[in-house]
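The structure appears right after this line, and notes come after that.
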Amino acid sequence: MIYPEINYQSGVPLYQQLKRSFHRLAALGLIKPHEQLPPVRQLAAELGINPNTVQKAYREMEQDKLIYAIPGKGNFLSDIDDNKQLEKEEIRRNFRAAVHVAWLAGISSEALHRLLDSCIGEGHDEIEIERRD
């Protein structure tokens, strides 16, 4: 089992970091459908956090239908076919981050569109990037 990553110095609450990390692991296929997640106490001990934090993350992931619980057995990743939206959300997050970096660098919207088209159509070949005026 791959454990989720959390950043103790981040201003983001730990339970939200756990949720995002599990979303990422699922979207990347690093956790397989119906694979059991670590028990609450085990994960809390491994990460050095309060079990209530893990429980809150698991509860919210269950509400989001990312995982399902079987009483007495544990928590399991839902069927990825039912969660294809996760992959789209992960891609969207990455796009937003790339757009933000491009904006900070002064890259025009048109140049960014051309760069994306180039990456899609030509296997990630680089193109000349124009600066916004």
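Residues of the range 1-36 that are among the aliphatic types (A, V, I, L, M) and either in contact with a Phe, Trp or Tyr (Cβ under 7 Å, 6 or more places away or on another chain) or closer than 21 Å to Glu89 by Cα (or both): Ile2, Ile6, Val12, Leu14, Leu18, Leu25, Ala26, Ala27, Leu28, Leu30, Ile31. Are any of the residues in the range 96-106 at pLDDT 85 or above, farther than 28 Å from Arg20 by Cα and surrounded by 11 or more Cβ atoms within 10 Å (Cβ to Cβ)? Checked the range 96-106: at least one residue is at pLDDT 85 or above, farther than 28 Å from Arg20 by Cα and surrounded by 11 or more Cβ atoms within 10 Å (Cβ to Cβ).
Could you tell me whether the range 45-54 includes any residue that is within 15 Å of the chain's Cα centre (by Cα), at pLDDT 90 or above and crowded, with 18+ Cβ neighbours inside 10 Å? Break it down stepwise before answering.
Of all residues in the range 45-54, those within 15 Å of the chain's Cα centre (by Cα) come to none.
For the range 45-54, residues within 15 Å of the chain's Cα centre (by Cα), at pLDDT 90 or above and crowded, with 18+ Cβ neighbours inside 10 Å: absent.
With a cut-off of at least 1 residues that are in contact with a strand residue (DSSP E or B) (Cβ under 8 Å, 6 or more places away or on another chain) and closer than 30 Å to Ile120 by Cα, name the helices (runs of 4 or more DSSP H) lying wholly within the range 4-96. Break it down into steps so the answer makes sense when it comes.
On the way: elements: 14-27, 40-47, 51-63.
Correct list: 14-27.
Look at the range 1-18: where a residue is modelled with pLDDT under 90 and a partner is surrounded by 12 or more Cβ atoms within 10 Å (Cβ to Cβ) and hydrophobic (A, V, I, L, M, F, W, C), sitting 6+ places away or on another chain with Cβ atoms under 8 Å, you get Met1/Ile31; Met1/Leu37; Ile2/Leu25; Ile2/Leu30; Ile2/Ile31; Tyr3/Leu43; Tyr3/Leu47. Residues that are over 16 Å from Lys32 (Cβ atoms) and surrounded by 14 or more Cβ atoms within 10 Å (Cβ to Cβ) within the range 65-82 comprise just one, Ala69.
You will find that of Arg41, Arg93, the residue that is free of Cβ contacts under 8 Å to residues at least 24 places away in the same chain, touching a helix residue (DSSP H, G or I) at 6+ places or on another chain (Cβ under 8 Å) and either of a type in the set (D, E, K, R) or closer than 30 Å to Leu116 by Cβ (or both) is Arg41 and no other.
The values are calculated or read from the model by the stated rules, or taken from the named source; none is laboratory data. Not measured: the values here are computed from a predicted model. FYI the Cβ positions are ideal-geometry reconstructions off the backbone, even for glycines, and counts take in every protein chain you see.
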